[in-house]
Every structure is written in C-alpha cells, then in structure tokens.
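In what follows, a single structure is set out as structure tokens and then discussed.
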Amino acid sequence: MKRLPKIFIISFLILLLMYVCNISAIPNDIVLFQGEHYELKTLLGLNVTRNSDNYQTIQTSSDLSQSTNKIGHLDFTLNLFGAVPLKNIQVNVIPRTYVVPLGNAVGLKLYTSGVLVVGMGEIEGADYKHYKPYENSGIKEGDRIISINEKSITCTADLINQVNESRGNIVEIEYVRDGSSMKTMVTPTKGSDNTYKLGLWVRDAAAGVGTVSFYEPSTKMFAALGHGIQDVDTGKLLEIAKGNFVTTKIISIVKGKKGNPGKIQGSIENSSVIGQISKNTDFGVFGTLDNLASLNININDAKEVASRDEIKQGKASIICMLEDGKKEEYEVEIQKIYKNNNENNKSMLIKITDKKLLEKTGGIIQGMSGSPIIQNNKVIGALTHVLVGDPETGYGVFADLMIKQARQTK
C-alpha cells in the first residue's frame, strides 16, 4: 500500500512532463499557405482558441484549416480545457506564391554573431608551465563569445585585442548557449610568446559552395541549400550576423561512391559579391540579390510552388550546374513523401535516375544541395542530403517549408 503514493506521484510527474513537452513543441509563430490543411499535435484537454476583436471561438480540435481561407494574421490561444490560457500562437496566412527555379552554383561566406568556440587547449606559459585558463569557467565548445568586459566581440581580432589589453587581469566574458546569455570570469595566461590567451580556439566565419534553389519575386528573397550551414567542428548550426553570396568557379567534379560522397569542387577566390545572406536555418539559407542579372534570372520563368497534396510519387526533375555557366535539368524519381513532416528537411526520398547525371556525379554529391525539384511544371522542393550508403538516393525538402522559413521573422 505504501508504494501506491509513490507510483501515483511518479505517474503524475511523467504525465506533467508529457504536457510540458507538448506545449513547448507547439510553435509561437506559424506560417501557412491560403487553404492549407494544418493540425497541431496536442494532448487531451489542450484546445485552441481563435481570438478576434469581438469574440473567441474554441475549436473542437486543433485543426487550423478552417481559419486559413483568408490571407492575413490570426491570433490563437492554447488553453487547458478551454479555461486556462497557456501560450499565444500567431498564424500568418500567405497567398500561394510563384518562384523562379534556379540551380546556379554559388559561393557562400557567413560571419558569426560573436566568435564561436570550436576547441580548447593547454597554453604554455611564460614560465614554460602548462595552463588551462578556461577551466571551471563553464564555457564549452559551441558557445558564442559576444563580449569581454562589456565590449562587443565581432571577430577573432576583437577577442585577441581585448584579452591582450587585460594584461593578465580577470576579464568578464559574456557568451551565448542555446539562445541564453551567460557571464563568467576568466584570468588570461601570459604565453611563452608574451601574448595573453584564454586557451580557446575560436572561429568567426565559414565559407563553402552550394546551389541556389529559387528566387521569389514577390519578396525579392532567394533561398539556397535546403539545409543550414553547420560549423565543421561543433556540428551546430551557425548563428550568423551577416553573410555574402559570391560568384564561384567550378574546378572539378568528384564522383560519389558507396560510403564516400562526392562533391563539386569550386573556388571563391577573387569572387565578387552578388547578394547578402540574412538567415541561416535548418531549412536553408536566405537573403537578397544585388541584381537579377548576376544569376540570369528571368521573372517570366516563374513557376507556382506546389502544395504537398499535389506532390506525387514518380517522375520529377532537378536543375543544377556542374559546369561554369551551364545549368541542366535531370530526371529523378520521388520514392516517398512525408507529407506531415514539419520538423526537419527530410520531406521526400529522391532517387537519381538520369543516366547522364549518374555518369557525371555518381548520384547526389556535396554542392548539389539546394537544386530545385520540379514536378508537373511546379516547384515542389530542393535537394538536401545524400544517403552515404547509396549515393543515387537522398532527401529533398518541401518548397513550402523553405518559403515559410523565409517569411518568418528572426
């Protein structure tokens, strides 16, 4: 009998945790196409209330579809049993849109907000002993240092200067982890080279080659990659302050093999800036172009973005550039469609079937990420990943997810 209270408490805590996780997983901001079906995944007792100037309507379910017929902003409240308000939800209903599919290879340069900690190491001091100044500071790999002694850190040079100016005195470091700002104190060590150091390896920029997916005339935004750019050391999505799209020169193609993905080898040396990057997200990189001629964009080539219900298994095509200035369209097959997936960029399973493309690349290779996918003369998505064990097969992200990500505020 004594065990019953414990079992009850444990069960209650597990149930409470489930509800807390469910509530946290429901986004505060949702972007939907006009007429799109969308249903929130909620547990028993959680209801959605539509708010307006004159009334509140408690929905019988968490299906928001009945509210997406008109374009504009809608406000909802998530309630417990329709009585206890838990969180506000804003829904932005946007019209079905048209984009110009591209497929151009470009270079990308991203600059972090602050400097990213990518490693740690011992320092040989002026006394030839070894020190770890960062030890017990709480700083970890993947953290972003944004200020030292309340002075902003925008690049590696800023960090070096501020640490040297300390002359070995304690410095206050402000850093960000998972969106939360924290502060700590560290005493820099004077190294054998007579400079002061924290024992941290940091990076303030990243660069690479990828593919531009499409340009949206109504917002003058473009989307690329279909996935975010992650730091090579930490594996985390880079939080950027700014970035540039630049021209690139394709040097060679390394064919993909089972267990060894290929790649487009390109150079961004002596490149020129053709646009600005404003967002690096899990669903792609977004920004604006300085001029449309830089990518030979013709507004008359715009195609409608397909809804998920319009996407079918079977034949489709991708557009990509494997030689400088030369884009081609290649056949692919949509093997699986994950219509209810809004959590990641693995929306469709794609297989390369075009013999010409397979001969050139062996399948999907690094640098092809972002190649637009076309079906029935509509843009349905973009390539994102290759299966390492099968280079002919990979994933694509829904175009509507990329559009919605571009429209969302930071």
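The values are calculated or read from the model by the stated rules, or taken from the named source; none is laboratory data. What you see is a predicted model, and the numbers here were worked out from it, not measured in a lab. We place every Cβ from the backbone using ideal geometry, glycine too, and count neighbours over all the protein chains shown.
For this structure, a couple of remarks:
- Residues satisfying the stated conditions in region 270-294, i.e. under 29 Å from residue 391 (Cα atoms) and either at pLDDT below 85 or of a type in the set (Gly, Ala, Ser) (or both): 284
- Qualifying positions in region 187-244 - aliphatic (A, V, I, L, M), within 16 Å of the chain's Cα centre (by Cα), part of a loop (DSSP other than H, G, I, E, B) and crowded, with 20+ Cβ neighbours inside 10 Å: 225, 229, 238
- Any hit, region 360-372, residues being crowded, with 16+ Cβ neighbours inside 10 Å, free of Cβ contacts under 8 Å to residues at least 60 places away in the same chain and out of contact with any helix residue (DSSP H, G or I) (no Cβ under 7 Å at 6 or more places or on another chain): no
- Of the residues making up region 373-410, those that are surrounded by fewer than 17 Cβ atoms within 10 Å (Cβ to Cβ) and aromatic (Phe, Trp, Tyr) number 0.
- Between 17, 78, 102, the distinction of being out of contact with any strand residue (DSSP E or B) (no Cβ under 7 Å at 6 or more places or on another chain) and either in the same structural domain as residue 403 (by TED's automatic domain parsing) or at pLDDT 75 or above (or both) belongs to 17 only.
- Sole residue being in contact with a Gly (Cβ under 6 Å, 6 or more places away or on another chain) and not in a loop (DSSP other than H, G, I, E, B), chosen from 146, 160: 146
- Filtered by the rule that a residue be modelled with pLDDT under 85 and either farther than 19 Å from residue 230 by Cα or surrounded by fewer than 20 Cβ atoms within 10 Å (Cβ to Cβ) (or both), region 105-117 gives a lone residue, 113.
- Positions within region 283-293 being surrounded by fewer than 20 Cβ atoms within 10 Å (Cβ to Cβ) and either charged (D, E, K, R) or closer than 16 Å to residue 223 by Cβ (or both), in sequence order: 288, 289, 290, 292
- A Cβ distance below 6 Å, combined with a sequence gap of six or more or placement on separate chains, defines the contacts here; from region 126-143, residues that are part of a loop (DSSP other than H, G, I, E, B) reach residues that are surrounded by 14 or more Cβ atoms within 10 Å (Cβ to Cβ) and among the aliphatic types (A, V, I, L, M) in the pairs 133/186; 133/198; 134/120; 134/198; 134/200; 137/186; 141/117; 143/117.
- Only one of 334, 318, 311, 297 that is of a type in the set (Val, Ile, Thr), at pLDDT below 90 and crowded, with 19+ Cβ neighbours inside 10 Å: 297
- Conditions (1) assigned by TED's automatic domain parsing to the domain that holds residue 323; (2) touching a residue at least 40 places away in the same chain (Cβ under 8 Å); (3) within 21 Å of residue 285 (Cβ to Cβ); number of the one not met by residue 176: (1)
- Residue match in region 276-291 (condition: in the same structural domain as residue 246 (by TED's automatic domain parsing) and either over 22 Å from residue 108 (Cα atoms) or without any contact (Cβ under 8 Å) to a residue 24 or more places away in the chain (or both)): yes
- For region 173-194, the candidate set comprises residues that are basic (Lys, Arg) and touching a strand residue (DSSP E or B) at 6+ places or on another chain (Cβ under 6 Å); within that set, the residue that is modelled with the highest pLDDT is 183.
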